[in-house]
Amino acid sequence: MMTIRLLAAGAILAGLAPAAPTFSKDAAPILFKHCAGCHRPNDIAPFSVLEYKAARPWAKAIKASVASGKMPPWFADPNHGQFSNDARLSRREIETLTAWADAGAPEGNAADLPAKPVFTEGWQLGKPDIEIDIGENHQVTPGEDAYEHFVVPTNFKEGRWIRAAEIKPGNRQVVHHVHVLLVQEDLSKMAAASTSNMPDLQQFLLKEGKLSRIRKEAPVVNDACAPGTPALPFLQGAQEGGLAAFLPGRPPDVWPEGTAKWVPAGAKLEFVVHYARISGKPQYDRTSVGFHLAPGPPKQVLRRMDLRNFFMQIPAGEPRHEVRRCYDFEADKLLLSFTPHMHYRGRDVTYVVVRPDGTRQTLLAVPRYDFNWQLVYRLREPVLVEKGSRLIVTAHYDNSPNNPANPNSKEVVRWGDKSEEEMMTSWIEYLDAPVRRSPASSGGSQ
Ligand code: HEC
């Protein structure tokens with residue numbers, strides 16, 4: 001009788017006040033899955049979640065960071081679009097981490113620990129067919145964040161189809177993010193050749209060493225969607241985009257089955273590397289990119305269009321300065337992903353498509369852009385955009401003293417490579433949509 005009553009009381013108690021969550025049983029599965037990609041020894045984040053001892057002192061900070069949505073980094077407004085790489089925790093996961101921190105972050109029983117995630121060091125995709133590095137052991141000096149550009153030849157005698165490109169940071173402790181592009185000058189020459197009477201962008205640029213910026217006296221166009229927008233380089237149409245990007249915690253790019261990217265003969269690569277601020281001793285880095293060749297020409301070419309507004313100008317002190325850029329679809333395209341890029345003053349950005357019948361759809365909204373995280377937003381399902389549609393990219397910049405990231409609110413800011421200057425860039429990966437035809441004739445070659 002007695003024992004039964006005790007058991008019942010225990011069950012009721014358990015029901016009312018579940019045992020406090022522990023690291024081993026409750027927190028670790030979440031931390032291993034969503035955080036360890038960056039929060040592990042020798043990676044970019046400030047502490048490891050793989051060991052209780054290392055994670056314990058951060059319990060309160062973990063609670064605060066997941067409650068505020070600061071971690072894991074993810075900035076898309078959940079009301080628009082669905083993304084295959086959505087990093088957000090579920091409400092339940094947030095509650096569990098919160099309850100664990102509130103309970104004093106107990107360790108619990110080590111036997112409950114899930115298996116530690118295994119991280120491959122070196123190439124994630126295995127040894128690439130072709131490896132190209134930045135060409136030097138680059139010294140990263142303590143102090144400021146640094147952005148370095150390295151231009152290196154591919155020495156390709158003939159063009160190559162590439163089905164995947166993996167960037168391998170040489171030194172995970174200093175490399176924050178990396179972009180690998182086909183060299184811009186060649187691209188702008190190609191574009192200049194194709195649009196006959198367009199002035200060359202170079203005449204508006206000022207070069208300082210490896211860095212460029214728009215001249216102060218260049219024309220100003222903040223709304224490149226307005227009717228009567230002047231014919232200036234790359235305010236209409238699109239520039240052909242780069243090859244690959246690396247971000248902490250992001251798996252390498254393997255493009256969809258049957259697609260590949262083209263690297264022409266004699267191409268040069270430009271590595272743009274953001275080195276995070278370090279203290280202590282100088283560090284060395286030799287980042288590389290590995291190409292995996294496609295067996296032959298792909299069924300579909302994976303393309304990237306880059307939309308920029310080089311002629312923006314942000315007034316001093318302005319808290320919400322608007323810059324727009326449009327793209328008019330000359331053919332049907334299947335959109336795959338968006339990567340917005342701005343600098344310290346970037347505040348928000350939205351992508352709206354207006355279809356030929358006038359319907360509007362917000363494909364992505366990033367209400368709180370953060371320069372530290374150059375995230376890519378991969379659409380869960382490709383979005384078909386028909387010929388005759390218009391994509392409107394609207395960005396806002398905070399050049400006020402209230403923006404903690406703002407290096408100088410007293411400056412009029414224009415386009416430039418340096419983080420202290422600004423950019424308005426969007427990388428959009430897409431496929432040329434297959435020609436629409438009757439189902440009976442589908443399956444043919446294209
Ligand atoms: C994509 C990489 C990445 C992922 C994933 C990630 N973090 Fe971080 N985290 C960082 C980096 C880098 C920093 C240091 C820079 C910063 O604070 O932005 C950081 C900082 C933190 C901090 C210190 C914040 C502060 O205010 O000082 C906490 C706490 C934290 N992360 C918790 C988490 C938790 C919990 C998760 C998983 C739910 C997670 N992070 C996922 C990269 C990541």
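The values are calculated or read from the model by the stated rules, or taken from the named source; none is laboratory data. Note that the structure is a prediction, hence the values are computed from the model and not measured. Cβ: placed from backbone, ideal geometry, glycine included. Neighbour counts: every protein chain shown. We work out accessible area using only protein heavy atoms, side chains counted, and drop any ligands, DNA or RNA first. Shrake-Rupley method; radii C 1.70, N 1.55, O 1.52, S 1.80 Å.
Tell me which lysines have Cα within less than 22 Å of K410's Cα, excluding those fewer than 8 residues away on the same chain?
Straight-distance partners of K410: K216, K418.
Under unit Cβ charges (Lys, Arg +1; Asp, Glu -1), what dipole magnitude, rounded to 20 debye, does the chain have relative to its Cα centre?
Roughly 680 debye for the chain.
Which helices pass in the chain if a helix is a full DSSP H run, must span at least 30 angstrom along its long axis by Cα, and must have mean Kyte-Doolittle hydropathy not below 1.6?
none
Need one value: the accessible area of E208 in square angstrom, 1.4 angstrom probe, rounded to the nearest 10.
Answer for E208: close to 80 Å² accessible.
Straight-line reach from K127: which lysines have a Cα under 24 Å away, not including same-chain ones fewer than 8 places off?
K157, K168, K261, K268
About its Cα centre, what dipole magnitude does region 301-350 give when the only charges are +1 on Lys and Arg Cβ and -1 on Asp and Glu Cβ, stated in debye to the nearest 20?
The calculated dipole for region 301-350 is roughly 160 debye.
Work from the charge dipole of the chain (Cβ charges, +1 for Lys and Arg, -1 for Asp and Glu, about the Cα centre) and give the residue of H341, N408, P264 farthest towards its positive end.
Value: H341.
Place +1 on the Cβ of every Lys and Arg and -1 on the Cβ of every Asp and Glu in the chain, take the dipole about the Cα centre, and give the residue among A67, L364, P282 whose Cα lies farthest towards its positive end.
So the residue we want is A67.
How would L364, L293 line up by accessible area, probe 1.4 Å, largest first?
Putting L364, L293 in descending order of accessible area: L293, L364.
Report the full-extension gain for the segment R91 to V412: residue separation times 0.36 nm, less the Cα-Cα distance, to one decimal in nm.
111.4 nm
At R0 = 30 Å, how high is the FRET efficiency between A19 and N42 if r is their beta carbon distance? Nearest 0.05 is fine.
0.30
For the chain, modelled as a Gaussian network with Cα springs under 10 Å, which listed residue fluctuates most, F23, F156, F204?
F156
What FRET efficiency comes out for the pair D77/R277, r = Cβ-Cβ distance, R0 = 41 Å, nearest 0.05?
0.90
Run the reach check for K333 against aspartates and glutamates, Cα to Cα strictly under 12 Å, same-chain hits fewer than 8 apart removed. What comes back?
E386, E429, D432
Counting only C-alpha contacts under 8 Å and six or more residues apart, can you give the relative contact order of the chain as a whole percent?
Across the chain, relative contact order equals 20 percent.
Which of P106, P251, L302 sits farthest toward the positive end of the charge dipole of the chain, with +1 on the Cβ of Lys and Arg and -1 on the Cβ of Asp and Glu?
Among P106, P251, L302, the one farthest towards the positive end of the dipole of the chain is P106.
I'd like to compare 350-363, 305-318: which one has the highest average count of other Cβ atoms within 10 Å, and what's the full order after that?
Output ranking for 350-363, 305-318: 305-318, 350-363.
Express the carbon and sulfur contribution to the solvent-accessible surface of the chain as a percent, rounded to the nearest whole number, probe 1.4 angstrom.
54
Any idea of the accessible area per residue across region 23-133, 1.4 Å probe, to the nearest Å²?
56
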